[in-house]
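Asker: One structure, pasted below without further comment.
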Amino acid sequence: METVILAVVIAVVVLGALGGLIVGSRRKKSLPPPPPAAPDITAPPAEPHVGDEAETPRDEARRTIEEVDLPDGSAPVVVEEPAAPEIEIPEPTAGRLVRLRARLSRSQNALGKGLLTLLSREHLDDETWEEIEDTLLTADVGVQPTTELVERLRERVKVLGTRTPDELRGLLREELLKLVGTDADRTVKTEPEDRKPGIVMVVGVNGTGKTTTTGKLARVLVADGRTVVLGAADTFRAAAADQLQTWGERVGAYTVRGPEAGDPASVAFDAVKEGKEMGVDVVLIDTAGRLHTKTGLMDELGKVKRVVEKHAPLDEVLLVLDATTGQNGLVQARVFAEVVDITGIVLTKLDGTAKGGIVIAVQRELGVPVKLIGLGEGADDLAPFEPEAFVDALIGD
């Protein structure tokens with residue numbers, strides 16, 4: 001029995017020793033660090049949904065739909081339309097050249113004063129008459145008209161004998177009026193007896209002020225109580241149609257236009273058709289400023305004329321010439337006259353040159369009268385040509 005008890009005690013002691021050894025070995029090993037504490041995570045703000053505010057909603061009083069004032073539909077909705085351009089009242093054309101005489105005389109007096117000074121010399125020898133010829137030629141009167149004028153002046157001065165300034169001025173005025181011509185019909189034909197509208201085509205090379213002249217002519221006609229449709233048949237020059245339309249809007253004239261680089265004859269045809277339907281008095285057709293040396297382009301100008309005449313004959317074909325171009329303008333005039341039958345001439349920029357004699361030369365060359373002259377950049381500076389007022393401006397007071 002004792003032996004059994006002793007064996008049990010020994011077994012307990014051995015087990016205790018073994019347990020101590022195991023615990024000691026575990027203590028000698030480094031323990032892993034404790035796991036970090038879980039971070040505090042703040043949830044992001046919720047994304048706003050469609051119709052929500054982007055900020056955090058706040059508690060505030062909200063109105064119900066019954067409390068919101070809604071329009072009852074009784075008040076009409078007003079839609080603002082663009083304001084129509086203000087219609088201008090052009091200056092009356094009657095006596096317009098007389099009112100512009102001061103402007104004309106400032107630039108043209110070189111011719112008149114030069115002639116009067118030479119004619120006032122005590123002895124008019126051959127050298128003086130040559131100076132008179134040079135003065136006339138410099139003013140672009142032309143060789144043949146200059147020869148005729150000098151011959152008549154020499155004869156009359158010889159008969160006159162003594163020459164007072166008033167006598168010389170009267171003498172020169174008479175001879176210049178003969179050259180300019182007082183018998184020609186200078187009315188712009190816009191009122192055919194058997195139909196409406198009158199049809200006017202405006203032609204000329206680039207840079208003569210052709211589109212501007214067409215717009216100013218519309219003002220002249222409106223000032224005389226006519227209604228006008230403009231045809232923007234210059235489809236080759238950028239912004240030509242815009243320019244013409246602006247001129248038309250100023251006086252209440254409607255502008256027919258086509259696509260850029262489109263068919264000019266088609267635009268001209270439509271303009272006359274529109275003028276008939278609207279019952280206006282006059283249709284003005286602005287054509288492209290063609291170089292007179294380009295045969296193909298000149299042929300197209302002839303096409304425009306033929307297409308327009310499917311409606312009715314042209315009443316006027318006005319050639320716009322730059323007065324400063326002098327004899328070169330005569331070359332242009334000859335070519336245009338071969339393509340279309342020129343019925344009248346418009347001389348522009350006559351205020352900026354002392355070459356007023358071009359009036360005489362171009363009329364002699366084409367056999368058609370100058371009907372309008374441009375004397376400046378103002379809207380109402382296009383005036384009907386009046387020979388007496390023009391010559392008076394040339395020779396001065």
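Here, each number is a calculation from the coordinates, and none is a lab measurement. Nothing here was measured: the structure is a model prediction, and the numbers come from that model. Here the Cβ positions follow ideal geometry from the backbone for every residue, glycine too, while neighbour counts run over all protein chains shown.
Asker: What is the Cα centroid distance between region 262-338 and region 142-188, reported in whole angstrom?
Answerer: 35
Asker: Between Val157 and Arg195, take the C-beta separation as r, use R0 = 51 Å, and let me know the FRET efficiency to the nearest 0.05.
Answerer: Calculated value: 0.45.
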